[in-house]
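The values are calculated or read from the model by the stated rules, or taken from the named source; none is laboratory data. Bear in mind the structure is a predicted one, so any value in this text is a computation, not a measurement. Backbone-built Cβ (ideal geometry, glycine too); neighbour counts: all protein chains shown.
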């Protein structure tokens, strides 16, 4: 007796089911990895609160850290000050029972619970004015060259958001007002003054449609 050949429709259906199962399994593996608590990025360095450039901004870092790729800042350019550096996320972590901040290593640090490029609110970027480790970079060493009216370009992947400098000030190291947010879309660049005792703060406002 000649074996009965399977129908083409059944073969197609079996292939589709198998593909769905494989895809679902791959998605579960990816989701489990993405949802697991992330460890500090190798581009960040932990420092004590005493050496922190700005105080802790509050909870929410875990959620923002898992934001879709491309929505977070990846590069900041202040052409007038000769600044063109990558951006990496920084947040607060526990280190041997103490709350410490991460500071960006060879990059500007985006405080991950602050606003994102183009969004309403205050996007906070911090960077070193000087470094003790020669392998690190003082990415905001020339921020003092910035002047009102200069542009600050913040990149998120291939997208670029243009901000215009509105205010430049020097504040006390513990002045929390520089972290305040509003409905306006702003970026605040913060670094230490040359004597490391105060903070240089450059605030720029988003240029609509730029």
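The set of residues in the range 106-131 being at pLDDT 90 or above, part of a loop (DSSP other than H, G, I, E, B) and either under 12 Å from the mean Cα position of the chain (by Cα) or crowded, with 20+ Cβ neighbours inside 10 Å (or both) consists of 107, 114, 115, 116, 117, 127, 128, 129. Return yes when residue 166 is in the same structural domain as residue 74 (by TED's automatic domain parsing), surrounded by fewer than 18 Cβ atoms within 10 Å (Cβ to Cβ) and either modelled with pLDDT of 90 or more or closer than 23 Å to residue 72 by Cα (or both) and no when it is not. Yes: the conditions hold for residue 166. Per the conditions (1) touching a strand residue (DSSP E or B) at 6+ places or on another chain (Cβ under 6 Å); (2) within 15 Å of residue 78 (Cα to Cα), the sole criterion not satisfied by residue 138 is (1).
Does residue 186 satisfy the criteria of being surrounded by fewer than 16 Cβ atoms within 10 Å (Cβ to Cβ), touching a strand residue (DSSP E or B) at 6+ places or on another chain (Cβ under 6 Å) and in the same structural domain as residue 74 (by TED's automatic domain parsing)? Taking the combined requirement at face value, the residue does not satisfy it.
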